[in-house]
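Enquirer: A single structure is presented below for examination.
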Amino acid sequence: MTIKETKLKGCYLLEPDVFYDARGHFMESFNSKRFNEAIGSSISFVQDNQSFSKKGVIRALHFQIGEHAQAKLVRVLSGKVLDVAVDLRRNSPTFGEHVSYELSHENRKQLFIPKGFAHGFVTLSEGAELLYKCDNFYHKEAERGIIYNDSELGIDWGLSDEKVILSEKDRSLPFLKDLDL
């Protein structure tokens, strides 16, 4: 597995080695020892979440604050998404910057999003199923978000606003400038 840091310190793209033969394929999707050595930290995942979304759905940009902040390792089980991480660490030189990567069941890439980042994705295929490994438990009172089309972030989701499907909760999220981080 190749683990490369993105332009945002602490955020990593993982690309597994896939072994093919006449029967199909095999890959190691996660190895805590290799992962922790590569990122120089000790992450212990405690909760797995799985979601399915239809084409055009944006689930963004979510995070938890304080002692309930979560690091996430995201991968696509079926379909294709554009996965986005936004640096929300006020003292970071890349505060407010983002990275985006196409994750799919075909390329098998994964994105590690550390604590202090917002995360979101848009479904590019007819449907997509994602698996998120989290290092902290979900805590409703600590949940926060940023509106997906915040011009300060400049994220290109690859869809016109009229084709975007959002939940009511995501539709009413604040802009980055209005957050008390």
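The values are calculated or read from the model by the stated rules, or taken from the named source; none is laboratory data. On a predicted model such as this, the values are computed, not experimentally measured, just so you know. Cβ placement follows ideal geometry from the backbone for every residue including glycine, while neighbour counts extend to all protein chains displayed.
Enquirer: Among (1) within 17 Å of the chain's Cα centre (by Cα); (2) free of Cβ contacts under 8 Å to residues at least 12 places away in the same chain, there is one condition V81 misses while meeting the rest; what is its number?
Expert: It fails just one condition, (2).
Enquirer: Is there any pair with a first residue in the range 142-163 that is in contact (Cβ under 8 Å) with a residue 40 or more places away in the chain and under 26 Å from H68 (Cα atoms) and a second that is among the acidic types (D, E) and in a loop (DSSP other than H, G, I, E, B) whose Cβ atoms are under 9 Å apart and which are 6 or more apart or on different chains, and what are they?
Expert: L153/E97
Enquirer: Still on this structure: Return the residues of the range 108-141 that are assigned to a loop (DSSP other than H, G, I, E, B) and either in contact (Cβ under 8 Å) with a residue 60 or more places away in the chain or on the phi > 0 side of the Ramachandran plot (or both); say none if nothing qualifies.
Expert: R108, K109, P114, G116, L124, S125, E126, D135, N136, F137, Y138, H139
Enquirer: Before we move on, is L14 among the aliphatic types (A, V, I, L, M), part of a loop (DSSP other than H, G, I, E, B) and surrounded by 14 or more Cβ atoms within 10 Å (Cβ to Cβ)?
Expert: Criteria not met by L14.
Enquirer: Could you list all residues from the range 1-11 that are in a strand (DSSP E or B) and over 17 Å from S42 (Cα atoms)?
Expert: The one that is in a strand (DSSP E or B) and over 17 Å from S42 (Cα atoms): T2.
Enquirer: Could you list all residues from the range 49-63 that are surrounded by fewer than 17 Cβ atoms within 10 Å (Cβ to Cβ) and of a type in the set (S, T, N, Q)?
Expert: N49, Q50, S51 - these are the residues of the range 49-63 that are surrounded by fewer than 17 Cβ atoms within 10 Å (Cβ to Cβ) and of a type in the set (S, T, N, Q).
Enquirer: Here's a follow-up. Determine whether G120 is out of contact with any Leu (no Cβ under 6 Å at 6 or more places or on another chain) and at pLDDT 95 or above.
Expert: Against the criterion (out of contact with any Leu (no Cβ under 6 Å at 6 or more places or on another chain) and at pLDDT 95 or above), G120 does not qualify.
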